[in-house]
Amino acid sequence: MTVYPSICAGGLGRLIGSAMEMIPIRVLGVKPCNIIVGAIAAPIALLAYALTKLSGSRYRLSNRVVQIWSTIGERQIGEAALSDVESIDVEEQSGQQFYHSADLVLRKGNGDVLLRLPGVVRPEIFRRTILKARDAQMQVADSMKTIEARQSA
């Protein structure tokens, strides 16, 4: 599974998101600040989107690891083995709420950060997917140990 972060992974995107959420009042179901700020911020948001796609990253989940890769090219930026992941925290930073995004923080058993995935859209879905992949890997490893124990006996 591959996930691409929102523009709120960077500071410019979070700034736009914060501006879009400044006034919580709705008029006829629409926030006035979305119209006003949206008209002004649209060109900036397009630039941030283009920069994210050109120089950003993508997150790749396999049956063994979570990896961060550069968007263009095949340069790996970071990696965490699923077997090392004890918990995954969802940390919503200022400006990410507008994009329905947050940072996923993969942690070891002692609480140390293994990997941070900024700006994940609908982060709870990707979090659950990572945890399911980790659990499946652990179940397979346990099954393999049982099979090897039977064969050696």
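Entry remark, segment 1-55: residues being farther than 20 Å from Q93 by Cα, among the hydrophobic types (A, V, I, L, M, F, W, C) and crowded, with 18+ Cβ neighbours inside 10 Å number 0 in total. If you filter segment 51-79 down to residues that are among the small types (G, A, S) and out of contact with any strand residue (DSSP E or B) (no Cβ under 9 Å at 6 or more places or on another chain), you find that the one that is farthest from I7 (Cα to Cα) is S62. Within this structure, V113 fails the test of being touching a residue at least 24 places away in the same chain (Cβ under 8 Å) and either at negative phi or among the basic types (K, R) (or both). One residue stands out in segment 79-109 among those that are within 25 Å of G13 (Cβ to Cβ) and among the acidic types (D, E): the one that is nearest to the chain's Cα centre (by Cα), namely D103. Of the residues in segment 113-122, at least one is exposed (fewer than 14 other Cβ atoms within 10 Å of the Cβ), over 14 Å from the mean Cα position of the chain (by Cα) and farther than 20 Å from Y49 by Cβ.
Read the figures in this text as sums done on the coordinates, not as results from a lab. Quick caveat, the model's predicted, so the values are computed rather than measured. FYI the Cβ positions are ideal-geometry reconstructions off the backbone, even for glycines, and counts take in every protein chain you see.
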